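Below is one structure, written out as structure tokens, with a few remarks after it.
The values are calculated or read from the model by the stated rules, or taken from the named source; none is laboratory data. Not measured: the values here are computed from a predicted model. So basically every Cβ, Gly included, is an ideal-geometry build from the backbone, and we count neighbours across all protein chains shown.
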Amino acid sequence: MDSYKMYIGGQFVDADSGDRYDTINPFNGEKIASIPYAGVIDVDKAVAAARTAFDSGPWSRMSGEERSDLILKAGAILKERMKDYARLESLDSGGTINKTGADAFLASRQLTFFGEQAKRFNSEPQPIDKLMREGRSFNYTIREPIGVCAQIIPWNFPYMMAIWKLGPALATGNTVVLKPASDTPVMALELAKVFDEVGIPPGVVNIISGPGGVIGEALTTHPDIDKVAFTGSTEVGREIMSKAAGTLKKVTLECGGKGANIVLEDADLDIAVDGSIWASFYHQGQVCESGTRLMLDAKGHDKFVKEMLEKLEAMKIGDPLDPSTQLGPVVSEGQMNSVLRYIEIGKKEGAVLACGGQQETGKGLEKGWFIQPTLFTGVTNNMRIAREEIFGPVLGVMKYNNVEEAIEMANDSIFGLSAGIWSSDIGKAKDIASRLRSGTIWINEWHILSERAPFGGYKQSGIGREFGDVGLNEYTELKALYVDDAKTRDNKPWYDMVVSRSKSDN
């Protein structure tokens, strides 16, 4: 079993208390690694290191090109170690090796993207249109780093989420304190080794591990934190926003979702069935933007469900490290029990359990946290399984009689992170997309995201965006400068409103 240390102020350290805990392999319940169990004292140390590095260190004053060079070196190391990191991610999170292999590739690509973007952030002035006077005034804006950023990431994509947070913050000149989920801290702590290896100045990157509640509250209320970036549930997002309000910190929240997946009558059946399984059951349904509310035209409902059931029942459940595995375990025993409780709630609410619904305990799986792929039909929008985020391999199917009804059902949610439409008529699908209150919408696809395009939610799915120019700007402050080069007092007659001019001025 590996033993890890936290990374604070350029040093690998244990928790101040000396306490540690073990992370568990979701596949077989075996211990993976020994991890420091940090407390408030450790948070204070990490924040102090980040504050000093920002206020007195070189990072925020480096050129974008200098920051880019170090970030790109880190990205190159991630590329070299993709296979090793994919395996670690599978052991830590339960993601299938096909999924974590893609994550490792994307993490390298995304950090490289942020490294390239760093070159653009040099506090270069941007003239303000129609607010310039030749030879007299120069008025402009500049973007500057916010300062010390607290970053709290979830357990479903621990490797990529670390990159999503660290990349833009570092590219724009900030210093960070990153807190990975207590269930899945391994890859974040591995990243600390990479940043140390490339020579990131001490205190620029700080990574601490331990209990989410204690560390999260300490970070979000700390007076020396300038920004909080969080990915996780809407419930926790509300708490973070409330606590950060005490010091008016900048906040970026990427929270829960209940993606509406609308299949139109003219959709290609083969693509839509497979795509809807992909939309909902990828990574055991533990994806915030999954399509977990499947909306089918009443006329095609039965045929669609029949084909979907055949494919779900053939889905291979197994060892995440086996490339043929299609459905792995959920991340923890607690998460498994939460999902199973929701399945019982669905049955009590009157939804029809069409398949699955139980823990999978077949040969070789009895020690893991597996749940059978579960499909409910007869779901209505007032049921809890349609309104609350389950975060497991559970899909609810709903019927609609016309497109207007489908749009109304889709928008009837506190969430607005994602939605999707399947249709052979792209024009019609785009028209529907324009009426859906969601931050990301796919047409004839799902889960495809790019670091070049913004990602985030409407309504209670979050605040702000990640990725693209917008995501980078979330880590900057915008400063306006008014420069006047008047040579004489006569050129400033407005001063006369409050200051009497002496005779010598006339």
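Key figures
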item: Filter result for ARG437 (more than 26 Å from the chain's Cα centre (by Cα), part of a loop (DSSP other than H, G, I, E, B) and not aliphatic (A, V, I, L, M)); result: no
item: Residues satisfying the stated conditions in segment 452-469, i.e. of a type outside the set (Gly, Ala, Ser) and either under 23 Å from SER242 (Cα atoms) or touching a strand residue (DSSP E or B) at 6+ places or on another chain (Cβ under 9 Å) (or both); result: PRO454, PHE455, TYR458, LYS459, GLN460, ILE463, ARG465, GLU466, PHE467
item: Pairs, first buried (at least 23 other Cβ atoms within 10 Å of the Cβ) in segment 92-105, second modelled with pLDDT under 95 and among the hydroxyl-bearing types (Ser, Thr, Tyr), C-beta under 6 Å, six or more apart; result: none
item: Meets criteria (in a helix (DSSP H, G or I), in contact with a helix residue (DSSP H, G or I) (Cβ under 8 Å, 6 or more places away or on another chain) and farther than 30 Å from THR141 by Cα) for ILE432; result: yes
item: Failed condition for ALA486, given (1) part of a loop (DSSP other than H, G, I, E, B); (2) aliphatic (A, V, I, L, M); (3) without any contact (Cβ under 8 Å) to a residue 24 or more places away in the chain; result: (3)
item: Those residues of segment 199-215 which are touching a residue at least 12 places away in the same chain (Cβ under 8 Å) and not in a loop (DSSP other than H, G, I, E, B), in sequence order; result: VAL205, ASN206, ILE207, GLY212, VAL214, ILE215
item: Candidates LEU417, LEU340 - the one that is under 17 Å from GLN286 (Cα atoms) and touching a residue at least 60 places away in the same chain (Cβ under 8 Å); result: LEU417
item: Exclusive hit being crowded, with 22+ Cβ neighbours inside 10 Å, of a type in the set (Asp, Glu) and modelled with pLDDT of 95 or more, set GLU344, GLU360, GLU289; result: GLU289
item: Residues of segment 307-326 classified as touching a residue at least 40 places away in the same chain (Cβ under 8 Å) and closer than 25 Å to ASP268 by Cα, total; result: 6
item: Segment 216-239, subset outside any strand (DSSP E or B) and aliphatic (A, V, I, L, M), residue nearest to the chain's Cα centre (by Cα); result: VAL236
item: Some residue of segment 11-30 being under 30 Å from ARG143 (Cα atoms), assigned to a loop (DSSP other than H, G, I, E, B) and assigned by TED's automatic domain parsing to the domain that holds GLU124; result: no
item: Leading residue by the ranking (farthest from the chain's Cα centre (by Cα)) among those in segment 440-464 that are polar (S, T, N, Q) and surrounded by fewer than 21 Cβ atoms within 10 Å (Cβ to Cβ); result: ASN444
item: Selected residue (criterion: nearest to the chain's Cα centre (by Cα)) from residues of segment 256-274 that are over 17 Å from MET398 (Cβ atoms) and in a helix (DSSP H, G or I); result: ASP274
